[in-house]
Every structure is written in structure tokens, then in C-alpha cells.
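Below is one structure; the comments refer to it alone.
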Amino acid sequence: MTTYDYDLFVIGGGSGGVRAARVAAALGKRVGIAEEYRFGGTCVIRGCVPKKLFVYASQFPEHFEDAAGYGWTVPQARFDWATLIANKDKEIGRLEAIYKRNVEGAGGETFQTRATLIDRHTVRLESLNRTVTADQILIATGGRPAAHPALPGNEFCIFSNEAFHLAELPKAIAIEGGGYIAVEFANIFHGLGVETTLIYRGTEILGRFDMDLRTMLHETMEKKGIRILCRSLSEKVVKRADGRLDVTVTGGEVLTVDQMMLAIGRVPNTESLGLDKAGVELDKKGAIVVDAYSRTSVDNIWAVGDVTDRVQLTPVAIHEAMCFVETAFKNNPTKPDHDTIATAVFSQPEIGTVGLSEDEATKRFAELEIYRASFRPMRHTLSGRQEKMLMKLVVDGKSRKVIGAHILGPDAGEMAQLLGIPIKAGLTKDDFDRTMAVHPTAAEELVTMYKPTYRVKDGARID
Ligand SMILES: Cc1cc2nc3c(=O)[nH]c(=O)nc-3n(C[C@H](O)[C@H](O)[C@H](O)COP(=O)(O)OP(=O)(O)OC[C@H]3O[C@@H](n4cnc5c(N)ncnc54)[C@H](O)[C@@H]3O)c2cc1C
């Protein structure tokens, strides 16, 4: 029998790779993992975690404003970008060390290097100039922001990666994109006092989310002062003598900004990985093709997380990694379950959502009941803030199952996490109705919307 240096070698120390390495090592397997940049990956180093810290930072000006209605006099507040960056970096450094330590503590070996495949059992550790062999190999190399080579002046643009390390807070920024990363950063920069313009080629921001959430968030963001240009593209970016950028958008308008950020999608990290040498198949977008168990076209090579372009979220990468360990090392073939994933957009106000949007449900179900409430949350009564909250349940008219829940407003992400349980469990609207409300909360609305706001039959709305 061939003996290998490792039972498992993982390429990529992000959410999926670190989890698989740690859990497999804890089973007593001989595990190695290589990370070319920083352990923790996108989520910890330049994604979810620093982003959420920035979101918190950007919310303070509204908190200060709202305090007045509750009797507080808040002196003129000042913000220091350098302090935020330094504190964020310290926290990220702490988390990075924990991620690495957790793998090592479980008995895994960590390598700080880029790794590539030589063949189906051999990995080259580039900066160590060394090769190792492994029985099973897991590719968890994630993705990166999509470039925009067709845009003249794209070399002057930044991506989300750089947004976490800007030397100075810009006075004005343009952000191109309409997905959650673009929308979140638009709210972050606006909250920190930056004049912000969002440029999006589509008809409405946040495609695939429920249309009610999309339009209401759009309106609220505009009322706050974020400029949103839909059906619009940047056509060129020119660097001026004073260092600022002139961004020409559809229709010829020129926006003068300090930074132009591109958030137009993400691409899988599969280039120059040696995947061709091992015979691993890629799809048209360059993502690794896997079966339902995350196995690639080569039977000892597996892939999880963003590099497979299934659902690009941290908990999904982690879940896929756990299923991979069950399948490959515990003789318990387990398919990751991608159905009904609760998720949030940390916009301001926040979105929390789980299950089908009304539009999606209309395509799949003949009869729907829509329960919808839009109201001013209690905390805004004394603050005087005019922002409204939206709650919406999409119910299958026949089985009475709640098949979608959509929230816009404070703590929507927290609510979506909990709503994920009854919706995943297939509970009905009657179960929601039988549930006692927690009063006074905003969430109580979810169990007190007794009458449908309207019904949908064969695609047509019936009031
Ligand atoms: C700005 C932003 C905000 C986000 N916010 C959220 C959020 O709020 N909630 C959420 O659930 N998800 C969020 N995500 C998505 C989330 O970060 C990813 O889905 C998740 O990190 C994917 O995990 P992964 O293990 O597949 O890849 P990653 O975490 O990207 O890890 C891949 C790792 O592999 C390394 N690597 C690549 N090639 C090699 C190589 N050849 N050798 C060695 N190492 C290599 C990379 O350096 C990287 O560290 C966000 C992403 C971004 C960009």
C-alpha cells in the first residue's frame, strides 16, 4: 500500500479549509494545511468580520442623533479613521492567531505558503520549495473580487480588499455594483460621513432578494443621502492632477471622487493551482466542479466553499467542510444541504431573509398568502427618525407552510437566524399564529399578522 505524508492536505486556510483541517486532525488524521496569505481567510481577514466592525462604526452618527429625543445632549462627535483601522487590525490579528492555533491544537500542521498541485497526490509548497504527498486533498482556496479590465482607468479603482486598509477616509466615493458587498459598503462609507454614490447596471439593487425589501431599502438609503444610480455603468475613470478621480457614468455625468470601488462579483481562485495536472475539472466560470458530496472529477480530491461557486457564504463553506469530513473520514457519506439558507445584508437598515421571495414563490406555488406589515419601530418614536421597518411572510396557500420570511429593519439579521429554524422545519402559518408574542418587540409582528395582506393565485395578485 502506498504511504503518504498526510491523510489529508488542505490548500487554503479560510472558513472551509480551517474547519476541515481542524476536525479531521481531531479525528487523529495526519493533516497539513497551507495558507498563502493569512489564516482565517476572506471572512476573518477581509470579509464578514472587519465588514461588521465597520458597520458598527458607521452606525454611531445615527445613534448620537437619536439620543437627543431621549433627553441626551451629545457633544459634537469626531471620528478618527486611523483609530478604527488600528483597532480592527488588532482584532483581526487576534482572530487569525486563534484560527491557526486551533488547527495546530487539534494536531494539524500549518504551512505559511502558496500551495499547488503537482499531481493527484502531490502538493508543492511554493515558498518552502518542498513537496508533500497526501492520500486526500481538499481545495478550499476561496475567491477574489472580479476585476474590470474593460473599464478605462480600472487601475485607479479599489476592491473590498483595499477598502479595509485605506490610508485615509475618502471625502467622496463611488461604488460600482448592486450586490450585498456594494450595498453594505455604500452604507458604511455614508455612515462615516463620506459622500457616496452607488452605480448599478440593473434595475434595482440586491437582485434575488424579495422586491419589497429591495425597493424599501433603496428608498431609505436615498433618504439618508446615498445617491443610487440604477441602469447605470461607469464608462471611464480618469486620475486628475489633484489626485482625485473623475468617473464618467452612463449619460455622460462625471462624478469627482477620492476613491472608486468595484464590487461587481467574485471569481474563484483556481488559476495556476495545477488543477489541470491533477485532472480536476472546472466549469465555464473557472469554479471547481463537484458532486453532491463535494468530490471533484478526481476521486481523492475534494473542494468546498467559494471556489466551488455554490453559495458564497461563510456558514455554507463551514457546513460543506463538515460534510466532507463525515464523507471522507467517518464513513458516513453526507451531502451538504443548501436548501433554505437564512442570510443577512448588513445595510442600514439591515436585511434578514430566509426562504423564497414572493416572486420566486409565485413561480413555484399556485396559491400564496402574503402577510406584510410596515411600521415605525418603537425606538424611532422618541428619536423622531422616520425610517420604517418591514416584515413579510410568504405562505403556501395550500399546505399553509411558511416558505419565506423577509425583514428590513434593526436586528433583521438576528431575527432571520431564528426564523431559519421554523422555516427549515416546515412549520405552518398556524404554528406561527399559535406562538405567543414577546412584547414589546419588533419581532412580535411576525406572530401577530393574522390576516393575509393579499393573496396570489396562478401568478395574479388578489386583494
Ligand atoms: C467584503 C465581504 C464581506 C462578506 N460578508 C459576509 C457575511 O457577512 N456573511 C457571510 O456568510 N459571508 C460573507 N462573505 C463571504 C465569505 O467571506 C466567504 O463565503 C467565505 O470566506 C468562503 O470561505 P472559503 O473557505 O471558501 O474561502 P476563503 O475564506 O476565501 O479562504 C480561502 C483561503 O485560501 C487562500 N489561498 C488561495 N489560494 C491558495 C493557494 N494556492 N495556496 C494557499 N492558500 C491559498 C486564500 O488566501 C484564503 O485565505 C463576505 C465576503 C466579502 C468579500
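The values are calculated or read from the model by the stated rules, or taken from the named source; none is laboratory data. Here the structure is a predicted model, which is why all the values come from computation and not from measurement. Here the Cβ is made from the backbone with ideal geometry for all residues, glycine too, and neighbour counts use every protein chain on show. Heavy atoms of the whole protein, side chains included, go into the accessibility calculation; ligands, DNA and RNA do not. Shrake-Rupley method; radii C 1.70, N 1.55, O 1.52, S 1.80 Å.
In the range 285-302, the condition of being of a type in the set (Gly, Ala, Ser), within 16 Å of the ligand (Cβ to nearest atom) and in contact (Cβ under 8 Å) with a residue 60 or more places away in the chain is met by no residue. I'd like the full set of residues that are open to solvent by 10 Å² or more (accessible area, probe 1.4 Å), within 16 Å of the ligand (Cβ to nearest atom) and assigned to a loop (DSSP other than H, G, I, E, B), limited to the range 236-273. Scanning the range 236-273 gives 263, 264, 265, 269, 270, 271, 272.
Tallying residues that are part of a helix (DSSP H, G or I) and either at pLDDT below 95 or closer than 28 Å to residue 78 by Cα (or both) within the range 184-213 yields 8.
Out of 363, 398, 392, which single residue is basic (Lys, Arg), surrounded by 20 or more Cβ atoms within 10 Å (Cβ to Cβ) and closer than 27 Å to residue 338 by Cα? Exactly one of 363, 398, 392 is basic (Lys, Arg), surrounded by 20 or more Cβ atoms within 10 Å (Cβ to Cβ) and closer than 27 Å to residue 338 by Cα, namely 392. Within the range 152-172, not a single residue is within 20 Å of residue 265 (Cα to Cα), more than 16 Å from the ligand (Cβ to nearest atom) and among the β-branched types (Val, Ile, Thr).
Of everything in the range 111-150, what is away from the ligand (no atom under 11 Å from the Cβ) and not in a loop (DSSP other than H, G, I, E, B)? Give them in sequence order. Correct list: 118, 119, 122, 128, 130, 131, 132, 133, 134, 135, 136, 137. Going through (1) touching a residue at least 24 places away in the same chain (Cβ under 8 Å); (2) open to solvent by 40 Å² or more (accessible area, probe 1.4 Å); (3) not in a loop (DSSP other than H, G, I, E, B) one by one, residue 216 falls short only on (2).
The requirement of being surrounded by fewer than 20 Cβ atoms within 10 Å (Cβ to Cβ), among the aromatic types (Phe, Trp, Tyr) and over 24 Å from residue 307 (Cβ atoms) is not satisfied by residue 189.
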